[in-house]
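Step one of this worksheet: look at the structure below.
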Amino acid sequence: MAIMKAEAAEMTLCSYSSSNARRAWLLFVVLSLLGTVEGQHAPGKAAALGRAGTLTGRVFAITGGGDLKPARIAEVYLFLEVGVTKNGKAVDIGKTAGLAYEDEYLKAMGIFVKDYRENVGTWSDESVCKKKLFNYETAVLKAREWALANGKLSQVIRTTTDEEGKFVVSLPTGNYVLLVRGRAGFNEAVWVSGAAGVIVQPGSKTEIKLSSPEQSCLDIPR
């Protein structure tokens, strides 16, 4: 069973390993969703992005018994991945905080898989779960450090949910990686946006609901 878990973790890592292909695919998705694909021309660089949009979110988990547990006072991070101009066109602005986050998560997962295979049968399920949560935390920290070092800290937006697991934030237009880290009921958890991320268009009001944690670890106070 432990070997099967290790193989599953390694397959997860492999599914993220073709980062260049994912980036090309992501840019195509953004262009398509915004209706701005123009022949085979790559998007050019722009001095300024478009006017802001508003993102409203609700984050929660549903227990096995069907109870809804909001992510109260959870940390919300948004990493800009692809920019959008004021005309709603995707724009290449070089490496972004979102891409830095993905790179750092891949590195953390690589270390996790290596350590897991070297410790098969010795880590408890609780330990494995918490180490996976730590991978996300590591990626967030490293991506923020990268953004600060490269003068792109504005590409990292941080806020918190309220007591009902809701948040509202104004964002420069673009495509974002969204990650929420907090607690829902007796679970420490992390929620992430889907493969296409979160798209904020100029002057738009976007709503998102995160109801299924990407990773959740039971943590009952003793």
- Note on the structure: Ranked output for segments 59-68, 176-185 by mean other Cβ atoms within 10 Å, highest leading, reads 176-185, 59-68
- Message: I need the calculated FRET efficiency for the pair S204 and K95, taking r as the beta carbon distance and R₀ as 30 Å, to the nearest 0.05.
- Response: 0.75
- Integer Hz, Karplus 6.51/-1.76/1.60 couplings in order for the stretch 159-173, x for Gly and Pro: 8, 9, 7, 8, 5, 9, x, 10, 8, 9, 8, 8, 10, x, 5
- Note on the structure: In nm, the gap between the two label points placed 7 Å beyond Cα toward Cβ at E75 and E164 is 2.6
- Once both label points are put 7 Å beyond Cα along the C-beta direction, the E145-L106 separation in nm becomes 1.9
- Message: Could you list E102, E81 so that the one with the fewest beta carbons within 10 Å of its beta carbon is first and the one with the most is last?
- Response: E102, E81
- Candidate aspartates and glutamates - alpha carbon under 17 Å from K69, same-chain residues fewer than 8 apart omitted: D162, E163, E164, E188, E214, D219
- Query: Mind checking the dipole of the stretch 86-144: about its Cα centre, +1 per Lys or Arg Cβ, -1 per Asp or Glu Cβ, Debye to the nearest 20?
  - Reply: 280
- Item | Inter-label distance, nm, simple model (7 Å from Cα along the C-beta direction), S154/V120 | 5.0
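Every number in this text was worked out from the coordinates using simple rules, so none of it is lab data. Since this is a predicted model, take the numbers as computed values, not measurements. All Cβ positions, glycine included, derive from the backbone under ideal geometry; neighbour counts span all protein chains shown.
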